[in-house]
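Since the structure comes first, as structure tokens, the remarks are kept for the end.
The values are calculated or read from the model by the stated rules, or taken from the named source; none is laboratory data. Just so it is clear, the structure is predicted and the values come from calculations on it, not from any experiment. Backbone-built Cβ (ideal geometry, glycine too); neighbour counts: all protein chains shown. Surface accessibility is based on the protein's heavy atoms, side chains included, excluding ligands, DNA and RNA. Shrake-Rupley method; radii C 1.70, N 1.55, O 1.52, S 1.80 Å.
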4 protein chains.
Amino acid sequence: MPFSTTAQVRFADVDPAGIVFYPRYFEMLNGAVEDWFAQSLGVDFATMHLTRKMGVPTVKLEAEFAAPSRLGEVLAITVQPGTPGRTSCPVTIAFSNNGELRLRVNVVLVCMDLEKHRSMPWPDDLRNALTAQAEVAAPA
Amino acid sequence: MPFSTTAQVRFADVDPAGIVFYPRYFEMLNGAVEDWFAQSLGVDFATMHLTRKMGVPTVKLEAEFAAPSRLGEVLAITVQPGTPGRTSCPVTIAFSNNGELRLRVNVVLVCMDLEKHRSMPWPDDLRNALTAQAEVAAPA
Amino acid sequence: MPFSTTAQVRFADVDPAGIVFYPRYFEMLNGAVEDWFAQSLGVDFATMHLTRKMGVPTVKLEAEFAAPSRLGEVLAITVQPGTPGRTSCPVTIAFSNNGELRLRVNVVLVCMDLEKHRSMPWPDDLRNALTAQAEVAAPA
Amino acid sequence: MPFSTTAQVRFADVDPAGIVFYPRYFEMLNGAVEDWFAQSLGVDFATMHLTRKMGVPTVKLEAEFAAPSRLGEVLAITVQPGTPGRTSCPVTIAFSNNGELRLRVNVVLVCMDLEKHRSMPWPDDLRNALTAQAEVAAPA
């Protein structure tokens with residue numbers, strides 16, 4: 001079962017047409033990925049960035065916007081990794097409200113050494129956590 | 001006792017110096033005011049803006065930044081109104097972490113008719129709710 | 001030749017790792033699309049949204065992040081439409097700095113009737129402008 | 001004469017009520033302060049933060065919102081320092097459109113050593129530049 005969290009559509013997120021301005025979805029997405037790392041993969045972003053000097057920038061992103069979201073709605077967000085590569089990992093994030101899909105996003109995250117400014121192999125703890133979740137998600 | 005809620009310092013909120021970029025505090029503040037209206041004053045922002053065609057823009061704001069906030073911290077936010085005027089209301093919002101004050105903000109909100117684009121007297125439900133909370137806050 | 005504009009990487013755009021936080025690229029992208037509509041397609045966003053009650057939400061988006069961008073850099077942004085469909089249009093937006101590609105994004109915009117909340121055929125002025133630019137871009 | 005620059009009200013800046021969402025003003029304000037440092041005080045933010053390891057966080061802020069701003073407007077922004085103290089400096093920033101004041105903000109900036117995480121005396125180049133501009137602004 002994928003990791004799940006929520007985000008509320010705030011006044012700050014909504015455009016003059018009354019719907020979420022799409023760059024705000026990516027802020028919510030980044031917040032969901034932070035929650036996923038902290039609550040499910042075992043490393044919070046502060047520790048990862050500031051102590052371990054690692055980042056996980058997005059190098060590729062595909063999004064389909066299925067239906068608009070409106071002020072006050074609480075969006076359910078699921079985060080599902082695929083099998084990690086040596087230095088990268090595909091992740092699918094879906095936003096929905098009352099079972100209606102709003103947005104599906106496929107990203108590729110890369111494990112980055114923030115001091116050398118280049119990609120690095122996933123450390124064992126993260127690789128193991130990602131692999132475990134990817135396996136759980138595999139079809140029988 | 002003032003209304004209280006929380007906000008987590010996200011990656012999106014933090015600047016290159018490692019601390020919250022202050023305009024983000026005002027987005028958190030606006031989110032806290034949304035929670036206060038919905039959970040404590042009895043009117044959520046979607047209903048207020050879209051159905052009742054009312055807004056509560058900020059016409060005055062004073063902020064003192066007492067100490068910086070960092071990635072991953074969960075900030076406690078309190079919202080305390082003063083006695084409402086005919087069309088406006090002073091509100092004090094304080095952010096803290098583990099009892100350390102980070103930011104205190106005094107704002108004046110104005111009740112605005114979004115169709116006539118001008119201020120309007122507080123409707124009874126909001127005036128009563130604001131007054132009740134202001135009274136509770138008054139010293140004995 | 002595609003429409004081109006620029007955006008400066010501001011302190012507000014940069015994350016704790018010292019590079020542009022990617023949701024900010026989409027705000028820059030939206031700004032470039034606004035400039036393109038106003039300066040090249042002949043309709044500014046205020047007139048389009050508020051007077052003509054039309055929007056152009058993004059329904060699909062693919063981005064590849066080729067290299068990071070840093071505080072203070074001025075990014076060159078090009079906007080190139082493909083041939084418009086009845087209600088939608090593919091557009092490619094590229095960000096570069098000193099000839100180095102930073103980000104390439106393919107989006108699909110949809111022409112939206114903001115009062116009926118559904119897609120509508122491109123009005124003639126926009127269809128003609130998009131078609132003219134798409135033709136110019138075609139290889140010989 | 002105070003330093004002046006402009007900011008355009010973008011789709012990203014405007015709320016469901018059709019006016020600038022006020023936290024966005026503070027992003028514009030920060031952009032104007034960046035322009036002022038780079039173009040008028042002689043130190044750009046990238047050099048200041050990344051090479052000289054100095055920041056200028058805001059420790060106090062007072063804003064009065066005189067009139068709303070709307071999508072597509074180009075706002076004139078002026079930046080006027082007062083006499084600098086040892087480690088801080090008051091600065092007044094005003095936003096207007098066609099001579100109509102929209103927003104006046106008084107901030108106090110503090111010169112911060114980003115490595116020691118504490119305030120530091122203004123370096124001579126900045127103190128001299130600030131003092132020169134403050135003197136010019138003084139009434140006869």
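Annotations
- Scanning region B:103-128 for residues that are over 15 Å from the mean Cα position of the chain (by Cα) and in contact (Cβ under 8 Å) with a residue 60 or more places away in the chain yields B:Asp113, B:Leu114, B:Glu115, B:Met120, B:Pro123, B:Asp125.
- Taken together, the residues in region D:107-118 that are surrounded by fewer than 16 Cβ atoms within 10 Å (Cβ to Cβ) and not acidic (Asp, Glu) amount to 3.
- Residues (more than 16 Å from C:Ala46 (Cβ to Cβ) and open to solvent by 30 Å² or more (accessible area, probe 1.4 Å)) located in region D:14-46: D:Glu27, D:Ala38, D:Gln39, D:Ser40, D:Gly42, D:Asp44
- Scanning region C:4-13 for residues that are open to solvent by less than 30 Å² (accessible area, probe 1.4 Å) and more than 9 Å from chain D (Cβ to nearest Cβ) yields C:Thr5, C:Ala7, C:Asp13.
- Residue in region B:24-51 that is farthest from the other protein chains (Cβ to nearest Cβ), counting only those that are of a type in the set (Gly, Ala, Ser) and within 27 Å of C:Phe11 (Cβ to Cβ): B:Ala32
- Considering residues of region D:52-70 that are open to solvent by 10 Å² or more (accessible area, probe 1.4 Å) and within 14 Å of chain C (Cβ to nearest Cβ) only, the residue farthest from D:Ala134 (Cα to Cα): D:Arg70
- Which listed residue, of A:Arg127, A:Arg102, is open to solvent by 20 Å² or more (accessible area, probe 1.4 Å), charged (D, E, K, R) and more than 14 Å from chain B (Cβ to nearest Cβ): A:Arg127
- Among residues of region B:74-99, those that are open to solvent by 40 Å² or more (accessible area, probe 1.4 Å) and within 14 Å of chain A (Cβ to nearest Cβ), counted: 1
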